[in-house]
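A.B. asks: Could you have a look at this structure, given as structure tokens, before my questions?
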């Protein structure tokens, strides 16, 4: 390799400034938009850094292009490989086409179709897309083997100083746009490249700014690594927040986060869904789950002082419209408005009518009803989904169920049966 890899904080801060010059005219300078909704929620002035408007609709192009533009002629001729849940792949695809470098991109089967299509559209003939594995980490293992076998250059999604330096340029733009550093900057965390870059540069140049990382509760790899003092591999993860669902935090990024003293909080996937819907319905912003991650934490794990200036990174907008059904479902469940029950109905006329009249409240709505009649039994089970108007209405609904002659069992959140439904 012709590029010297540095991981010290001072070197990385300087590398971020060099990356900003390299990215000028390539990556967009994305805007800072005031968020009246989040400002009202917190009492602070909250601004969104709109990386969902970036090339590839994600900040990932910054790290990918910064690394690839520094490759030697021999390395460019060998081509590159990468693994990605979707957004890093789009950055690599864009950089490949711009720089004339062949790229083989590995994505897991869980990568939404919309992201796959954008990868091919951005990369054109310069890109070969390989769909392999069920998680990012499985795709990353195959990409590593590919690089070793073919001699192609691996372009890490986060765990390389050049990638980290490129991601850090987000912070430089924020300071330039504001004319000063914000009081707080809230960023999403997957493998930690963005958070490490932003925190390292701000710690070196604007140490009064507090950086907070946010990761999904179903994939808390960085929180686990910080607690253990080293990267650890999680046995199971929830891949819903696909842009941040990483089993193992980076070996390069973790020491940088530790040195910068970055706290990392976790947010339930349901709260991310609530934020995605608020962004869409109130603010008119299409966000992917990882894009809404940082904003979801405000007031839900990340507290900020009234009157302070807070910048929240909206990191990506690559959301497949077909996912919104699941987003709505998860949001309702998280807010305590959607519940599921197994109801033993007497196999006689009028049983359903009695359930509607005697058990459901005036504002309750049946959203799912699956019933199989069995002629050789007195009762038959039905799966019933109920949406209530207010979370507090659940107690009354359950009390009426207990008073009913029908046997009713609630399907508890977190159980295998519940995960089958949601």
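A.B. asks: Surrounded by fewer than 24 Cβ atoms within 10 Å (Cβ to Cβ), assigned by TED's automatic domain parsing to the domain that holds residue 214 and in contact (Cβ under 8 Å) with a residue 12 or more places away in the chain, is that true of residue 287?
C.D. replies: no
A.B. asks: Considering only residues that are in contact with a strand residue (DSSP E or B) (Cβ under 8 Å, 6 or more places away or on another chain), over 22 Å from residue 191 (Cα atoms) and not in a helix (DSSP H, G or I), which ones fall in region 130-155?
C.D. replies: 152, the sole residue that qualifies.
A.B. asks: What is the residue count in region 244-263 for residues that are buried (at least 22 other Cβ atoms within 10 Å of the Cβ) and closer than 18 Å to residue 219 by Cα?
C.D. replies: 9
A.B. asks: Against the definition (touching a residue at least 60 places away in the same chain (Cβ under 8 Å), assigned by TED's automatic domain parsing to the domain that holds residue 24 and either over 19 Å from residue 309 (Cβ atoms) or in a strand (DSSP E or B) (or both)), how does residue 173 come out, yes or no? I'd like the intermediate steps shown before the answer.
C.D. replies: On the way: touching a residue at least 60 places away in the same chain (Cβ under 8 Å): yes; assigned by TED's automatic domain parsing to the domain that holds residue 24: yes; either over 19 Å from residue 309 (Cβ atoms) or in a strand (DSSP E or B) (or both): no.
Judged against the criteria, residue 173 is not a match.
A.B. asks: In region 322-422, which helices (runs of 4 or more DSSP H) lie fully inside it and hold 1 or more residues that are in contact with a strand residue (DSSP E or B) (Cβ under 6 Å, 6 or more places away or on another chain) and under 19 Å from residue 277 (Cβ atoms)?
C.D. replies: The qualifying helices (runs of 4 or more DSSP H) are 324-334.
A.B. asks: Which residues, counting only those in region 124-138, are out of contact with any helix residue (DSSP H, G or I) (no Cβ under 9 Å at 6 or more places or on another chain) and either farther than 14 Å from residue 237 by Cβ or exposed (fewer than 15 other Cβ atoms within 10 Å of the Cβ) (or both)?
C.D. replies: 128, 134
A.B. asks: Can you spot a residue in region 106-121 that is more than 22 Å from residue 66 (Cβ to Cβ), crowded, with 21+ Cβ neighbours inside 10 Å and outside the structural domain of residue 201 (by TED's automatic domain parsing)?
C.D. replies: Yes, because at least one residue in region 106-121 is more than 22 Å from residue 66 (Cβ to Cβ), crowded, with 21+ Cβ neighbours inside 10 Å and outside the structural domain of residue 201 (by TED's automatic domain parsing).
The values are calculated or read from the model by the stated rules, or taken from the named source; none is laboratory data. Predicted, not measured: the structure shown is a model, and the values here were computed from it. Ideal geometry is used to build each Cβ from the backbone, glycine not excepted, and the neighbour counts take in all protein chains shown.
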